[in-house]
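Participant: Below is the structure I would like to discuss, written out as structure tokens.
The values are calculated or read from the model by the stated rules, or taken from the named source; none is laboratory data. Nothing here was measured: the structure is a model prediction, and the numbers come from that model. A quick note on method: Cβ atoms are made from the backbone with ideal geometry, for glycine too, and the neighbour counts reach across all protein chains shown.
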């Protein structure tokens, strides 16, 4: 049987974490706007990879979309740069992309 008090505590913690994340995002937007983060990420890519992807700021995040099929080697190199920046790959068929939070 599920303890309702425990579930309520988890819900409170979850809400608190969401509020904290929103505060951190607001602070970071003042200190380092997402456009600055986008420029930094773009510079982290060597020219041979940079020409294969588009960079854009969407809802406070940097989205990196391949212009065409990347192949295993290019995908791996891009994924490593994105991972080092705290991002991840989002598999969504033709809409697949790399997503880097502004944090």
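Participant: Being over 16 Å from the mean Cα position of the chain (by Cα), modelled with pLDDT of 90 or more and farther than 21 Å from residue 90 by Cβ is the filter here; which residues of segment 17-69 pass it?
Facilitator: 43, 46, 47, 48, 51
Participant: What is the residue count in segment 79-99 for residues that are farther than 12 Å from residue 62 by Cβ, over 9 Å from the mean Cα position of the chain (by Cα) and either outside the structural domain of residue 45 (by TED's automatic domain parsing) or surrounded by 14 or more Cβ atoms within 10 Å (Cβ to Cβ) (or both)?
Facilitator: 1
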